[in-house]
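The values are calculated or read from the model by the stated rules, or taken from the named source; none is laboratory data. All of these numbers come straight from a predicted model, not from anything done at the bench. Cβ coordinates were reconstructed from backbone atoms using ideal geometry, including for glycine residues, and neighbour counts include every protein chain displayed.
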Amino acid sequence: MFLQGNSLFSKAIDGFKAIIPRNSFILKATFLAFFIIMAVAIVAAIVVFSFVPELSDQISSFTGTMLGYGDIPEPFTQSFFSLIFLNNIGHFWNPIRMIVWIPFVGPLLLGLEVLLNSGLVGVIAVMAGATKGIAYPILGLVPHGIIELPAFLLQISAIVIWQVTITDAIIEKLRGRTLDTSRMKLALHDAFILAVISVVLLFVAALIETYVTPFLLGM
């Protein structure tokens, strides 16, 4: 049983390694866009908090509204884990937000999703560092963030691959051309695998945020 599980894991790793070069441009563009926006948000937040400190309360309120957690359960609990995990996957699998998967309409909303989330991460990091010291955002964001952020970006990349593939198929059909079904199936397969990996990583990140991060923060 162990050997069989190990074989399946090895196949999964090999499959993921094959996906990376096939979709390297989309993956690199997604990761680069996210981190550039996050860096800009960090610099902007530092400037704002330094020169207009009275805006910090308004920005904090806006950030809380965007996160939309409401009443947060106690850490180290199943309820807290469920809140974190369901909120994270809800960015893309919530019935309302699944509009990001619709061709022609979804890309605009997906771009807004990248803009808001990368900006929020930057602002939250600066706010936490300004009010509780530099160690707080490091301990509070890094342990689960090193898994959560790649998970989000893999999911976004999966949606982009889906959008590009479906849009290209629609355009080819409208032009009366024959679809390259093998290429299309491979692209959709890649999108599906990346989406599954993203959900698994978000699950792991939620576990860390529930049971490890609060411990590091002394909660």
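Among the residues making up the range 1-32, a single one is over 14 Å from L154 (Cβ atoms), among the aromatic types (F, W, Y) and modelled with pLDDT of 90 or more: F25. Hey, any hits in the range 163-173 for a residue that's aliphatic (A, V, I, L, M) and either within 17 Å of I42 (Cα to Cα) or surrounded by fewer than 16 Cβ atoms within 10 Å (Cβ to Cβ) (or both)? The answer is yes, given that some residue of the range 163-173 is aliphatic (A, V, I, L, M) and either within 17 Å of I42 (Cα to Cα) or surrounded by fewer than 16 Cβ atoms within 10 Å (Cβ to Cβ) (or both).
Of everything listed in (1) on the phi < 0 side of the Ramachandran plot; (2) without any contact (Cβ under 8 Å) to a residue 60 or more places away in the chain, the single unmet condition for L202 is (2).
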